[in-house]
Amino acid sequence: MAIPELLRDLLTAPGPSGYETAPAAVWREAAAFAEVSSDALGSSVARVPGTSEGPSLAVLGHIDEIGLMVTHVDDDGFASVLQVGGIRPEVLLGQRVELVTRNGRVPGVIGRKWSKPIRSTDKLELAHGDLHIDVGGRNRAEALELLQIGDVAVIAAEPVELAAGRIASRSLDNRLGAYVALEAARRVAETGGSPGDVLAVAAVQEEVGDFGGARTSVFALRPQVALAVDVTGATDIPSGDPKLDGEAKLGAGPILNRGSTINPKVFDLLVAAAEAEGIPYAVNVSAGDTHTDMDAAYASRAGVATGLISLATRYIHTPTEVVSLDDVEAAIRLVAAFAGRLEPGLDFTR
């Protein structure tokens, strides 16, 4: 199955947390069917006006990705880095990277200063401080002609189409959510609108901790209902444990979450929409924080009725995250169908 062009463009636009300019520009250009806006943090909104007085719906997908940030360049031209988001050092070693600089994208590689030749029997112990980026500069001055302190980098990896409608790529976490939000809004617009406003949000800065983009966007938009769309670790892999992490299988449809901070009426309405549309789904649970943008949305202002849709994804926070495009399409259909059920007079109080 071919990767949709918009999704490919989003996946290949480098944009770690706080540096989301490139993917946000792709997203906003694709949102021309709606009323498009952005804010000082860099979050983007595509509004599809409602047809009556139904509850307004914000659909949140964060558009930032994990990456690296340059902290220092030594006399030999090697750039020290720190992580932006949860990127593991063993995943980085030996990777090619792409730096986002004032002069455009600059290629580099991740290296480690070896104290001795490595043998196959050596135990590899790595920390981020052991690694550096090599852009080929012969000294500090040459390297600083190419990059600045504070520039960010992502692993250079093109999306790959796998068998059975599955794809592998970096930044599926969570360009998928931003893509689903926008495409669901597009479906709503193409079918003449839903009872209330639909607000697709490409939120920034999720990976660095406090869900800044979602927090400020929901506060500003004041939706009555919010859905977060994000990835969750697939359990259909060796050592996957559904008893601990829930059923999360590629190709089994979107995952609907129940839990302490999730509005039960939103969950029930998602289930009703899925069953009416013949969309397969699974159910997972959370007893507290969901570690998604939903955690910022549900307690915004006086409280927002929230739900969480997850997409089963293998190898999260690596350059080879794997997802089923069938699940992505099913999530788009589900969000659009859910929006159509938000009729005037619905009460989400508990």
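The values are calculated or read from the model by the stated rules, or taken from the named source; none is laboratory data. If you're wondering where the values come from, they're calculated on a predicted model, not measured in any experiment. Don't worry about glycine lacking a Cβ; one is built from the backbone with ideal geometry, like all the others, and counts go over all protein chains shown. Note: areas computed on protein heavy atoms with side chains; ligands, DNA, RNA excluded. Shrake-Rupley method; radii C 1.70, N 1.55, O 1.52, S 1.80 Å.
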Practice task
Examine segment 288-295 for a residue that is in contact with a His (Cβ under 7 Å, 6 or more places away or on another chain), crowded, with 18+ Cβ neighbours inside 10 Å and part of a loop (DSSP other than H, G, I, E, B), and state whether such a residue exists.
Solution key: yes
Handout entry: In segment 56-108, residue farthest from Val198 (Cα to Cα) [restricted to those that are among the small types (Gly, Ala, Ser) and touching a residue at least 60 places away in the same chain (Cβ under 8 Å)]
Key = Gly77
Exercise for the section: Confirm whether Arg186 is under 30 Å from Asp347 (Cβ atoms), assigned to a helix (DSSP H, G or I), of a type in the set (Lys, Arg) and in contact (Cβ under 8 Å) with a residue 12 or more places away in the chain. Expected result: yes
Handout entry: Unmet requirement for Arg222, which otherwise passes all of (1) over 29 Å from Pro159 (Cα atoms); (2) touching a Gly at 6+ places or on another chain (Cβ under 8 Å)
Key = (2)
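Taking segment 77-104, which residues are open to solvent by 90 Å² or more (accessible area, probe 1.4 Å) and at pLDDT below 95?
Arg88, Glu90, Arg102, Asn103
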Exercise for the section: Name every residue in segment 67-97 that is farther than 11 Å from His132 by Cα, in contact with a Leu (Cβ under 8 Å, 6 or more places away or on another chain) and not β-branched (Val, Ile, Thr), in order of residue number. Expected result: Gln83, Glu90
Exercise for the section: Check whether at least one residue in segment 18-27 is closer than 18 Å to Pro319 by Cβ, among the aliphatic types (A, V, I, L, M) and either touching a Leu at 6+ places or on another chain (Cβ under 6 Å) or in contact (Cβ under 8 Å) with a residue 24 or more places away in the chain (or both), and report yes or no. Expected result: yes
Practice task
Output the qualifying pairs, or none if there are none: Cβ atoms under 7 angstrom, residues six or more apart or on different chains, first residue in segment 321-342 and among the aromatic types (Phe, Trp, Tyr), second residue part of a helix (DSSP H, G or I).
Solution key: Phe338/Leu269; Phe338/Leu270; Phe338/Ala273
Practice task
Return only the number of the condition from (1) at positive phi; (2) basic (Lys, Arg); (3) at pLDDT below 95 that Lys243 does not satisfy.
Solution key: (1)
Exercise for the section: For segment 105-126, name all the residues that are open to solvent by less than 60 Å² (accessible area, probe 1.4 Å) and either modelled with pLDDT under 80 or more than 17 Å from Ala79 (Cβ to Cβ) (or both). Expected result: Asp122, Leu126
Exercise for the section: Determine if segment 42-55 includes at least one residue that is part of a helix (DSSP H, G or I) and within 19 Å of the chain's Cα centre (by Cα). Expected result: no
Practice task
Considering each of Ala252, Ala274, Ala228, Ala214 in turn, give the residue that is open to solvent by less than 50 Å² (accessible area, probe 1.4 Å) and part of a strand (DSSP E or B).
Solution key: Ala228
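Yes or no, residue by residue, for (1) closer than 14 Å to Ser324 by Cα; (2) surrounded by fewer than 24 Cβ atoms within 10 Å (Cβ to Cβ):
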site	(1), (2)
Pro159	yes, yes
Ala168	yes, yes
Gly177	yes, no
Thr235	yes, yes
Leu244	no, yes
Problem - Subset of segment 7-41 (residues that are more than 24 Å from Leu99 (Cβ to Cβ), open to solvent by less than 30 Å² (accessible area, probe 1.4 Å) and not in a loop (DSSP other than H, G, I, E, B)) - result: Ala30
